[in-house]
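The values are calculated or read from the model by the stated rules, or taken from the named source; none is laboratory data. Quantities reported herein were computed from a predicted structural model and do not represent experimental measurements. Cβ atoms come from the backbone with ideal geometry, glycine included; neighbour counts cover every protein chain shown.
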């Protein structure tokens, strides 16, 4: 304690950083706490990592102004009882945090004044007690912090206290991350995410649809305007990602759900995807109904479609095949490149679906430029390959045994063992079908493409 006093005296008025992390009980009479009131005016950074019963003893001594403080981090990591978390009183630093740049609050409830945050650029709020912070309070806070660049809400998304018609523009936002079980659509209804920002939502559990994690009006997401790429990943953590010249929006589920693929295509079929140029789909099992067709039908400018290890690539291929009726719109009329990555080396791929699709598109004036197929082993059926080449400018086969690496498309293939696919089944009853009889699925005149 004596050395601490000497240090404070010799450093005179220099700004200091203080870290308090007591693993054992911290007595209200601990000598360290008696020094803090004399040092708050010099604090540049304060980190408090303590137990529930220690927080009050520490914050009791933080009532003096701290005009220099730029970083404040309070973490009460041992709290398990969500209804009994420590509360930060409004007297903290005399209620003035106007010099603060970064605020990190975890496992505490806050009554900090939602004001004087004019210089704040980074804000993290995590694991607050349910209902302790309302949407209105958070909006008031964001309104008072016009320079915010980074926001993270970790299991602290408010779902009550919405204010109809109120919008808060986060003009300098670079990234916002929202994690937890709570749907964030109500909060995002009130926020204008600017051009250039990155919005990430990680849903721990997914009880509703994709629309529960997006604002009712996607116009609020200015960073989503004119998005050109969609990436769907249905592996260990299903991921829906939109990217474009104005920013990125990502929605991730912590674990796969039975109907996550269906939900994703139902959502894509409802929103404006008319400017999308590339669609990448990794894994997943597209539903056998209409969603693949309806979603693709809206992608009028799509140029590249990549299907990586999907269980039902034939559903997409048949959705892309124009029907016999000339009145039917051509799905993705500007599609130029089709990339298929097979799931396993033992998978048998039907080349006739590709040939029929490419033939019909060529007759409709929507000729493919490139078809690239990666994976499997052996040679394709010569007759089918020759027929496909008549309607596609460039056909490329990349037989692979083991791990797939493709520098141009960023492929990394782990050796899956699921070989019991149902890709061979014909599904001509769904909306995207050309209406041809299912008898042609057993056409003996064409050879299957055996890898």
**Message:** Consider the stretch 109-135. How many of its residues are part of a strand (DSSP E or B) and within 18 Å of residue 148 (Cβ to Cβ)?
**Reply:** 6
**Any chance residue 285 is surrounded by fewer than 18 Cβ atoms within 10 Å (Cβ to Cβ), at pLDDT 90 or above and not in a helix (DSSP H, G or I)** = no
**Request:** Kindly provide the set of residues from the stretch 179-204 that are under 14 Å from the mean Cα position of the chain (by Cα) and at pLDDT 95 or above, ordered by number.
**Result:** 197, 198, 199, 200
**Selection within the stretch 233-242 - under 10 Å from the mean Cα position of the chain (by Cα) and in a strand (DSSP E or B)** = 239, 240, 241, 242
**Message:** Checking the conditions here, which among 8, 60, 33 is in contact (Cβ under 8 Å) with a residue 12 or more places away in the chain and in contact with a strand residue (DSSP E or B) (Cβ under 8 Å, 6 or more places away or on another chain)?
**Reply:** 8
**Item:** Residues satisfying the stated conditions in the stretch 315-324, i.e. modelled with pLDDT of 80 or more and either outside any loop (DSSP other than H, G, I, E, B) or out of contact with any helix residue (DSSP H, G or I) (no Cβ under 6 Å at 6 or more places or on another chain) (or both)
**Value:** 315, 316, 317, 318, 319
**Request:** At least 3 residues that are closer than 30 Å to residue 147 by Cα in each: list the helices (runs of 4 or more DSSP H) lying fully within the stretch 1-76 that qualify.
**Result:** 31-39, 52-59
**Item:** Complete set of residues in the stretch 248-283 that are in contact with a strand residue (DSSP E or B) (Cβ under 6 Å, 6 or more places away or on another chain) and within 15 Å of residue 218 (Cβ to Cβ)
**Value:** 248, 249, 250, 251, 276
**Item:** Every residue from the stretch 143-155 that is buried (at least 21 other Cβ atoms within 10 Å of the Cβ) and under 22 Å from residue 216 (Cβ atoms)
**Value:** 151, 153
**Request:** Determine, yes or no, whether residue 112 is in contact with a helix residue (DSSP H, G or I) (Cβ under 9 Å, 6 or more places away or on another chain), buried (at least 19 other Cβ atoms within 10 Å of the Cβ) and either without any contact (Cβ under 8 Å) to a residue 40 or more places away in the chain or more than 21 Å from residue 191 (Cα to Cα) (or both).
**Result:** yes
**Item:** Near pairs, Cβ below 6 angstrom, 6+ apart or cross-chain, from the stretch 309-329 (within 17 Å of residue 368 (Cβ to Cβ)) to any residue that is in a loop (DSSP other than H, G, I, E, B) and at pLDDT below 80
**Value:** 314/423; 319/432; 321/434
**Request:** Would you mention how many residues in the stretch 288-314 are assigned to a loop (DSSP other than H, G, I, E, B), at pLDDT 80 or above and touching a helix residue (DSSP H, G or I) at 6+ places or on another chain (Cβ under 9 Å)?
**Result:** 4
**Request:** Name every residue in the stretch 1-34 that is farther than 26 Å from residue 109 by Cα and modelled with pLDDT under 90, in order of residue number.
**Result:** 1, 2, 3, 4, 5, 6, 7, 8, 9, 12, 13, 31
**Odd one out for residue 219, checked against (1) at pLDDT below 90; (2) part of a helix (DSSP H, G or I)** = (1)
**Prompt:** In the stretch 63-91, which residues are modelled with pLDDT of 80 or more and out of contact with any strand residue (DSSP E or B) (no Cβ under 8 Å at 6 or more places or on another chain)?
**Reply:** 63, 64, 65, 67
**Message:** If residue 118 meets every condition in (1) surrounded by fewer than 16 Cβ atoms within 10 Å (Cβ to Cβ); (2) at pLDDT below 85 apart from one, which number is that one?
**Reply:** (2)
**Request:** Examine the stretch 253-271 for a residue that is assigned to a strand (DSSP E or B), farther than 23 Å from residue 171 by Cα and at pLDDT 85 or above, and state whether such a residue exists.
**Result:** no
**Message:** Take residue 125 and tell me if it is over 20 Å from residue 181 (Cα atoms), in contact with a strand residue (DSSP E or B) (Cβ under 7 Å, 6 or more places away or on another chain), crowded, with 20+ Cβ neighbours inside 10 Å and in contact (Cβ under 8 Å) with a residue 12 or more places away in the chain.
**Reply:** no
**Message:** Any residue at all in the stretch 145-166 that's modelled with pLDDT of 90 or more, in contact with a helix residue (DSSP H, G or I) (Cβ under 7 Å, 6 or more places away or on another chain) and not in a loop (DSSP other than H, G, I, E, B)?
**Reply:** no
**Message:** Return the residues of the stretch 174-205 that are out of contact with any helix residue (DSSP H, G or I) (no Cβ under 9 Å at 6 or more places or on another chain), in a loop (DSSP other than H, G, I, E, B) and buried (at least 19 other Cβ atoms within 10 Å of the Cβ); say none if nothing qualifies.
**Reply:** 182
